[in-house]
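The values are calculated or read from the model by the stated rules, or taken from the named source; none is laboratory data. Treat the numbers as computed from the prediction; the structure is a model and nothing was measured. Counting neighbours? That spans all protein chains shown, and the Cβs are built from the backbone with ideal geometry, glycine included. These area figures cover heavy atoms from the full protein model, side chains too; ligands, DNA and RNA do not enter into them. Shrake-Rupley method; radii C 1.70, N 1.55, O 1.52, S 1.80 Å.
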Amino acid sequence: MSNARWLHGACLPLFSLPLFSLLLLCLLLHGPLAQAQSMESVLSPGVLTKAHAKWDDSCRSCHTPFDRKAQEKLCIDCHKDVGRDLAERTGLHGRQKPQPCRSCHTEHKGREMNIAPLDKPQFDHAQTDYPLRGRHQDVDCAKCHAAARKYSAAPQDCQGCHRKDDVHKGGLGARCDNCHEEKRWKETRFDHSVTRFPLKGAHGPVRCESCHKTREYKDTPSACIACHRKDDRHKAQFGEKCESCHTEQRWRDITFRHDVDTRYALRDRHRELRCSSCHTGPLYRDKLGTACVDCHRKDDKHRSTLGSDCAQCHTEKGWRGVQRFDHDRTAFPLLGKHAQAGCKDCHQSLVYREVNSTCIGCHRKDDRHEATLGERCADCHTESNWQAPRFDHNKARFALRGAHASPPLACRSCHADVRSYRKTPGDCLACHRKDDRHEAQLGERCESCHDEQRWKQARFDHNKARFSLAGAHGSAACKACHQSLRFRDAPRDCLACHRKDDRHKASLGDACESCHNVRAWRLWRFDHDRQTDYALGAAHVKLPCASCHRDPAPAGRKVSSLARTCVSCHLKDDVHERNFGPRCEQCHQPSRWAAVSPGASAGVRP
């Protein structure tokens, strides 16, 4: 085995022992110079290429002592693109049968050595990621592979070489192979069905330049009107969505179905009309109304008074003939004899809403009440028979109850004639003045005592009157106080009824209630100390009222004026003949007149 093979493979066991000893002796004899170099560099079989020159003194960058197979991994660690191809089995290296790198690339043969030689005439391009087909097989390598660059760096997309040939200026993207082939650049193939505008019907045989005026295909408009504007007999009136009516099979064939394609189905006479009869303006700018009146306003003899829903009466079969109308769906359904009336009996013109829907609007001549009861005739009259009225008096201001209703009174009992129903007064006296035995003294509200059941059976709550009945008054008969049916003539003061019971002979006035109460006349109470400003003390308490109050009380006063001095009552007892003045209480006492205490006050208030 040669020394070169040994050095390249770093197989130390292949050396002879004497030779190894000789080399070791040389290193020792050289001294410092020999120490500056590693033993591995001394054993190098040759100079590295320019690409690997920087590793001249670093053998371990490519070799591992005593492990020849590790060299493959060290190569791939540096040449990562080759390692990627090997791992993914792509590119030239990935498609080759696995073999050591040194099988093709041998180092240590000098700086100028080409360790990656390529036999261009014999090179099989099919072993790469870009097999050559068609005209590419005749192209010189230098046309695609630039000098001083790796062969794998050559572009694989069409634009990399054919950019100058792109008449589309990049408008169709970089995938030239979608249309062009390797056989001949100018011969193209293109599947229009994969675009947003597949060619169907008559569009199939049309030449490209018929639609694509320039090579910038992507900007070609896809709207029908872009090519068929000259064929648009509607003059753009119906917009630019030609496909709504026309198809690719034949331009003249119309497929538009108004009943299906719109929300307005054409029926009867509408089917006979031309499109322009209704669509007078631009279709998509001027939205056409679907109401009848939008086209038939000139035919509306009702002058819009019945609204815009003409279909309630008219049909598509014929505008003039009213085919259907349900009067019951209006605000005035026809009931009774109204159903037999002709339209003209109420509607004097075709402006139907001008008709007055009130009864009086048609029956004013039949109003025998001469408008005194207003215009709501339906409150009494019906549609079945105008002459047979109905009236619920209980809904009026004067409901009929009791004797007014049973037996029912005739209308003329209260109402003088048919013109005076509403003017008939509703107060009792209007009809019962002759029955008023109180001679109008108690006013006109007879219902306060009388009711409709029976006039002579009266009720009256005396407690709501000016003189409520309390105590013994409650059991007294009316006649005991009221001498006649003119009840308000009865006086309200006590003496009016109890003068015969006045034992004071009017000396204490007419305010009997000051002492007496309504429970019993004989039960009385009067607190002289609280109800007057003269308190009774000692012997005064036992005296009867008349001992002091002897004169009748003046009108409007409870008692007659009475002096409060002792001498006013005890003048006859004054044995001093007034020589000691009127201040008797200075000597006499209230408990006993005869008991005298000269110079001492009796303690009685003056």
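Filter region 161-204 down to the residues that are touching a His at 6+ places or on another chain (Cβ under 7 Å) and open to solvent by less than 50 Å² (accessible area, probe 1.4 Å), then identify the one that is farthest from SER222 (Cα to Cα).
CYS176
Pick out the one residue from ASP219, ASP268 that is open to solvent by 60 Å² or more (accessible area, probe 1.4 Å) and farther than 30 Å from GLY170 by Cα.
Selected residue: ASP268, the only one of ASP219, ASP268 that is open to solvent by 60 Å² or more (accessible area, probe 1.4 Å) and farther than 30 Å from GLY170 by Cα.
Identify all residues within region 234-247 that are open to solvent by less than 70 Å² (accessible area, probe 1.4 Å), of a type outside the set (Ser, Thr, Tyr) and part of a loop (DSSP other than H, G, I, E, B); write none if there are none.
ALA236, GLN237, PHE238, GLY239, CYS245
For GLU444, only one of the following conditions fails: (1) open to solvent by 60 Å² or more (accessible area, probe 1.4 Å); (2) under 30 Å from VAL559 (Cα atoms); (3) modelled with pLDDT under 85. What is its number?
Among (1) open to solvent by 60 Å² or more (accessible area, probe 1.4 Å); (2) under 30 Å from VAL559 (Cα atoms); (3) modelled with pLDDT under 85, GLU444 violates only (2).
Return only the number of the condition from (1) surrounded by 13 or more Cβ atoms within 10 Å (Cβ to Cβ); (2) polar (S, T, N, Q); (3) assigned to a helix (DSSP H, G or I) that GLN137 does not satisfy.
Every condition holds for GLN137 apart from (1).
Any residue that is surrounded by 11 or more Cβ atoms within 10 Å (Cβ to Cβ), part of a loop (DSSP other than H, G, I, E, B) and of a type in the set (S, T, N, Q) - is there at least one of those in region 309-322?
Looking through region 309-322, none of the residues is surrounded by 11 or more Cβ atoms within 10 Å (Cβ to Cβ), part of a loop (DSSP other than H, G, I, E, B) and of a type in the set (S, T, N, Q).
Would you mention how many residues in region 487-512 are open to solvent by 60 Å² or more (accessible area, probe 1.4 Å), of a type in the set (Asp, Glu) and more than 18 Å from ASN463 (Cα to Cα)?
Residues that pass the stated criteria total 1.
Whether any residue in region 459-466 is open to solvent by less than 60 Å² (accessible area, probe 1.4 Å) and farther than 27 Å from ASP379 by Cα is what I want to check.
Yes, some residue in region 459-466 is open to solvent by less than 60 Å² (accessible area, probe 1.4 Å) and farther than 27 Å from ASP379 by Cα.
Take the conditions modelled with pLDDT of 85 or more, over 30 Å from ASN114 (Cβ atoms) and surrounded by 10 or more Cβ atoms within 10 Å (Cβ to Cβ) and apply them to CYS158. Does it pass?
So CYS158 fits the description; yes.
Of the conditions (1) farther than 30 Å from VAL355 by Cβ; (2) modelled with pLDDT of 80 or more, ARG285 satisfies every one except a single condition; which number is it?
Status for ARG285: all satisfied but (2).
Could you list, in sequence order, all residues of region 199-210 that are at pLDDT 85 or above and part of a helix (DSSP H, G or I)?
GLY201, ALA202, HIS203
So LYS143 clears everything in (1) modelled with pLDDT of 85 or more; (2) part of a loop (DSSP other than H, G, I, E, B); (3) of a type in the set (Lys, Arg) except one condition, right? Which one?
The one condition LYS143 does not meet is (2).
Do you know which residues across region 274-321 are polar (S, T, N, Q) and farther than 22 Å from GLY239 by Cβ?
SER304, THR305, SER308, GLN312, THR315
Quick check on my filter: what residues within region 266-288 are farther than 18 Å from TRP319 by Cβ and part of a loop (DSSP other than H, G, I, E, B)?
Across region 266-288, the qualifying residues are HIS279, THR280, GLY281, PRO282, LEU283, TYR284, ARG285, ASP286, LYS287, LEU288.
Could you list all residues from region 477-486 that are surrounded by 13 or more Cβ atoms within 10 Å (Cβ to Cβ) and in a loop (DSSP other than H, G, I, E, B)?
HIS482, LEU485, ARG486
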